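The values are calculated or read from the model by the stated rules, or taken from the named source; none is laboratory data. It should be emphasised that the depicted structure is a prediction, and the values quoted were computed from it without experimental measurement. We place every Cβ from the backbone using ideal geometry, glycine too, and count neighbours over all the protein chains shown.
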Amino acid sequence: MRQIRWILWVFILAPVIGWAAPGPTVGTNGIGDEFFPLFGNGGYDVQHYDITLSTTLESSEINAVVQIDAIALQPLSQFNLDFREFAITSLTVNGEQPEMFIRNDRELTIILASPLEEGEAFTINIAYAGRPHGTSGSVQWSNGWNYRRDRVIVASEPGGSSSWYPVNDHPLDKATYDFTVTVPAPLIAVANGELVSTSEHDGMITYEWAMRQPMASYLTSMQIDALVLSTEGSENDPRIRNYFPVDRADEAADVFQYQDEMLAYFETVFGDYPFDYYGSVIVNAALGFALENQTMTLYGVSILNSPDNNTQVTIAHELAHQWFGNSVSLSQWREIWLNEGFATYASWLWYDQMEGGRGIDYVVEATYNWISGREGIEQGYPERTIRDFTESFVPPLEAPANDLFNGGVYERGGLTLHALRREIGDGAFFETLLDYASQFRYGNATTEDFIAVAEENSGQELDAFFEAWLRDPIIPPIPQMDLSSPFSE
Ligand SMILES: [Zn+2]
């Protein structure tokens, strides 16, 4: 019902103000995502977020001041930010109080006292305090701010960042970030990029972090926990810094010791690492996921307990996201396979490295047999059961909004890339990966963009190939491998 009221606002206001062109117009309440229409906002482009935040943890409350530097993309009389909960104690645009602001679920609408011109740079300052949304229940990858009695775990894919700071919350509007975070000593606050300074005062520690390359908002890290900085095991690459639980740091350093080798290998396949730093933070909680926050992947302690090969494949997957997902970001959440299919295939490439170049066919065959139902048939399961199982892996572009991270996006997404490799050959395939990573570095891409790069490098027409792999209900055969669906006619 609250959303319906908001829709009326847009319909009533937008035409009235829009007709008065070229005067000020209303920035839309969404950036145009097909799956999540209220994610992000239209009419402006954020350049930089400066987030200053403190918490004592005891009350689970935060106090924060955020400055947003943005550019108006059209004349603006009002615009939105994504921002939930909290009491806003002050809000100015270019130092001036707006005529009014309206809160409605994740939408904060700011009606300006002085309209902005197209191309005008402007600054928003917002001070707020309170208890972040999503502070109870199990830690989810989409909650945003997860508060526990003695720690904070932030995981925001796809739309959780608005749970703790005002933001244009969609990968289409990337920005640089500064974080100044004050927490009780001796806790560590781990954000993204470079740790610029730490200072201690009155039992509190302030950490300043700077993320200097553009970042999608869902990749913001803010882990507050009893951690220790560790560079052990990654001495070969000074860019790597990890934060591990104080009492499991040695064990973690052992498990994470190959990140420098992975990074060096991926640079040979995907091109230069896009950021200044990389590392992993393991929080003192069991998480059912890992999340590739920019330059600082988030893990729970569960990563230390899984079988070695699986662990290394997961660590490689998250690292590969820094190229695919973080540097080259999707444009629509529907195309999540551009993140997950690519990171999955990259993790298989790393597995191949671990196995001395003999691993890729093994993984591809095992994955194909598993999700196509070949394995189930071999093991004598009833056909109905196998069909249901295989249908649970949807084609990569068919995952619905409420099942964004469907297994098909990962496994069939990875297989799509291997099928492409067999279709166009190793030379054109690896050139395609390099070109795609460099052409769309720090920006956004679509499936169409990727297909165009693959067609350019191979000289082949690939629309039908991708249509089958990304949308056909029945998984296609892989060229030059004796693999096809038992359910194809
Ligand atoms: Zn992933």
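Looking across the range 160-173, the residues that are buried (at least 24 other Cβ atoms within 10 Å of the Cβ) and touching a residue at least 60 places away in the same chain (Cβ under 8 Å) come down to S161, S162, S163, W164, Y165, P166, V167, N168, D169, H170, P171. I'd like the residue in the range 297-326 that is within 15 Å of the ligand (Cβ to nearest atom) and among the aliphatic types (A, V, I, L, M) and, out of all such residues, is nearest to W141 (Cα to Cα). The residue in question is L298.
Against the condition among the β-branched types (V, I, T), closer than 29 Å to S438 by Cα and surrounded by fewer than 19 Cβ atoms within 10 Å (Cβ to Cβ), how does I360 come out, does it pass? Against the criterion (among the β-branched types (V, I, T), closer than 29 Å to S438 by Cα and surrounded by fewer than 19 Cβ atoms within 10 Å (Cβ to Cβ)), I360 qualifies. The set of residues from the range 139-158 being at pLDDT 95 or above and assigned to a loop (DSSP other than H, G, I, E, B) comprises S156, E157, P158.
Screening F342 against (1) within 16 Å of the ligand (Cβ to nearest atom); (2) of a type outside the set (S, T, N, Q); (3) under 30 Å from V228 (Cα atoms) leaves a single unmet condition, (3). One residue alone among I240, I282, I224 is modelled with pLDDT of 95 or more, within 21 Å of the chain's Cα centre (by Cα), more than 24 Å from T176 (Cβ to Cβ) and not small (G, A, S), and that residue is I282. Pairs needed: first member in the range 322-333, at negative phi; second member anywhere, of a type in the set (A, V, I, L, M) and assigned to a strand (DSSP E or B); C-beta distance under 9 Å; at least 6 residues apart or different chains. Filtered contacts from the range 322-333: N326/M215; V328/A445; S329/A445; L330/A445; S331/A445. Part of a loop (DSSP other than H, G, I, E, B), surrounded by 15 or more Cβ atoms within 10 Å (Cβ to Cβ) and among the aromatic types (F, W, Y) - does that describe any residue in the range 75-88? Yes, the range 75-88 contains a residue that is part of a loop (DSSP other than H, G, I, E, B), surrounded by 15 or more Cβ atoms within 10 Å (Cβ to Cβ) and among the aromatic types (F, W, Y). If the condition is being touching a residue at least 60 places away in the same chain (Cβ under 8 Å), in a helix (DSSP H, G or I), within 16 Å of the ligand (Cβ to nearest atom) and not β-branched (V, I, T), then the range 377-426 contributes P396, Y410, E411, R412, G413, G414, L415, L417. You will find that of I126, I111, the residue that is in contact with a strand residue (DSSP E or B) (Cβ under 7 Å, 6 or more places away or on another chain), surrounded by fewer than 18 Cβ atoms within 10 Å (Cβ to Cβ) and modelled with pLDDT of 95 or more is I111 and no other. All conditions but one from (1) out of contact with any helix residue (DSSP H, G or I) (no Cβ under 7 Å at 6 or more places or on another chain); (2) surrounded by fewer than 18 Cβ atoms within 10 Å (Cβ to Cβ); (3) farther than 18 Å from I124 by Cα apply to F35; the one that does not is (1). Among T28, T52, which is the only one that is at pLDDT 90 or above, outside any strand (DSSP E or B) and of a type in the set (V, I, T)? The unique qualifying residue is T28.
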